[in-house]
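The values are calculated or read from the model by the stated rules, or taken from the named source; none is laboratory data. What you see is a predicted model, and the numbers here were worked out from it, not measured in a lab. Positions of Cβ are backbone-derived with ideal geometry, glycine not excepted, and every protein chain shown enters the neighbour counts.
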Amino acid sequence: MTTFIVGSLLMLLAIGVPVGFGIMVTAAVSMWVSDIPLLTIPVQMFSGMNSFPLLAIPMFILMGELMSATSIAERLIQLAGALVGWLRGGLSQVNVLTSMFMAEMSGSGVADAAAVSKIFVPEMEKQGYPRAFAAAITASSATLGIIIPPSIPAVLYGVTTNTSIRDLFIAGIVPGLILGGGFMIANYIFARRGNYPVDSEFSVGKLGVTFKRAIVPLIIPILVIGGLVVGYFTPTEASAIGVFVAFVFGLAISRDLTLKKLYEVFVTTAKQASVVMMLVGGSAILGQVLANERIPQELAEGLGTLTDSPVIMILLINLLLIALGMILHATATIIIIVPILMPLAVQFGIDPVHFGIIVCLNLGIGQQ
């Protein structure tokens with residue numbers, strides 16, 4: 001049955017079937033072959049999506065879309081330019097810092113890459129950067145969107161494993177900042193070797209002006225994450241507050257959130273959220289099939305016999321997750337694969353929060 005499930009899913013993905021539909025078709029056919037009542041499909045789908053913490057996902061998507069539709073993104077890009085544009089390879093440095101800012105808006109590596117690439121890759125080419133370098137730095141820094149809070153994969157991981165989403169958000173801050181700093185250092189080295197241009201001269205006055213314009217956009221993630229850290233509200237409540245503040249900013253402060261833009265924001269949010277929730281529901285169905293066939297237990301036992309070293313096990317899991325990230329959407333991988341790997345992590349003494357950051361980061365690397 002394992003071979004049938006994996007083979008069917010890979011075949012559907014290879015011919016271009018969307019991941020969500022591929023998972024659902026594979027699960028439905030597997031149920032039919034295994035004589036599992038097909039009535040289980042809607043029951044499991046509804047059960048998988050019927051979770052209050054999952055409400056944070058469409059809300060964080062809506063918050064990111066509202067911030068992108070207004071001048072928030074533009075103000076953050078200008079601030080990033082004033083902060084690091086004077087360094088060697090200035091535009092590529094601004095690219096990385098903007099990805100860090102965008103991570104606080106979107107919670108998604110794919111959304112981060114899509115937004116940043118449209119802005120920076122063409123401009124970097126105009127300034128003499130190789131297209132491959134521009135694409136590489138954009139894709140690499142977009143992985144920050146998957147661990148810097150608010151992270152949608154972290155929400156899914158928390159719901160799937162009953163791990164505190166608040167703790168996962170807090171745990172993603174320092175690794176995200178370290179990775180961002182590492183990207184900028186590597187950027188600087190490559191920029192010196194390639195003699196890439198400086199984007200602008202450093203100006204205290206320009207920094208002051210751009211910072212003043214970016215105060216409110218910076219307050220939104222600080223309010224959301226800060227409120228979570230001190231325990232004032234849950235991730236779902238934090239996402240709703242972020243949406244409200246972004247809406248008020250666009251309507252009353254920047255005054256560039258028109259009815260047409262608002263309609264487009266809601267449509268885009270509905271499309272993105274429906275894709276995620278379809279993956280959640282489809283993965284819940286496939287997870288039930290796997291559980292009935294005892295496939296997770298067999299795989300966990302097989303992996304557990306490979307080594308007694310926690311370090312080696314982590315390395316093996318890293319490689320597995322990167323490979324899966326190249327094939328499957330992070331949502332599907334977290335819901336289907338993480339319940340298999342979680343007992344192994346506990347067995348080897350790996351903290352669930354630490355393991356969550358490992359999962360999110362490796363899936364982000366594979367996906368990008």
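You will find that of Val359, Val338, the residue that is touching a Leu at 6+ places or on another chain (Cβ under 7 Å), β-branched (Val, Ile, Thr) and assigned to a helix (DSSP H, G or I) is Val359 and no other.
Are any residues in the range 196-205 more than 32 Å from the chain's Cα centre (by Cα) and touching a residue at least 60 places away in the same chain (Cβ under 8 Å), and if so, which ones? The answer is Glu201, Phe202, Ser203.
Within the range 222-275, if we keep just the residues that are among the aromatic types (Phe, Trp, Tyr), in the same structural domain as Phe169 (by TED's automatic domain parsing) and part of a helix (DSSP H, G or I), the residue that is surrounded by the most Cβ atoms within 10 Å (Cβ to Cβ) turns out to be Phe249.
Within the range 82-104, residues that are closer than 21 Å to Phe60 by Cα and in contact (Cβ under 8 Å) with a residue 12 or more places away in the chain have Cβ atoms under 7 Å from residues that are crowded, with 24+ Cβ neighbours inside 10 Å and of a type in the set (Asp, Glu) in these pairs: Ser99/Asp112; Met102/Asp112; Ala103/Asp112, counting only partners at least 6 apart in sequence or on another chain. Comparison of Ala139, Ala132 shows that the only residue that is under 14 Å from the mean Cα position of the chain (by Cα), over 24 Å from Ser239 (Cβ atoms) and in a helix (DSSP H, G or I) is Ala139.
Scanning the range 69-87 for residues that are more than 20 Å from Glu201 (Cβ to Cβ) and in a helix (DSSP H, G or I) yields Ala69, Ile72, Ala73, Glu74, Arg75, Leu76.
So is Thr258 of a type in the set (Val, Ile, Thr) and within 20 Å of the chain's Cα centre (by Cα) or not? No, not satisfied.
Only residues that are among the aromatic types (Phe, Trp, Tyr) and surrounded by 21 or more Cβ atoms within 10 Å (Cβ to Cβ): list them for the range 322-368, please. I'd like the intermediate steps shown before the answer.
Initially, the range 322-368 is screened for residues among the aromatic types (Phe, Trp, Tyr), giving 348, 355.
Passing the criteria: only Phe355.
In the range 302-321, the condition of being crowded, with 17+ Cβ neighbours inside 10 Å, modelled with pLDDT under 85 and assigned to a helix (DSSP H, G or I) is met by at least one residue.
Restricting attention to the range 112-142 and to residues that are without any contact (Cβ under 8 Å) to a residue 60 or more places away in the chain and hydroxyl-bearing (Ser, Thr, Tyr), the residue that is nearest to Tyr196 (Cα to Cα) turns out to be Thr138. Against the numbered list (1) of a type outside the set (S, T, N, Q); (2) under 30 Å from Glu123 (Cβ atoms); (3) at pLDDT below 80; (4) more than 26 Å from the chain's Cα centre (by Cα), Gly7 comes up short only at (2).
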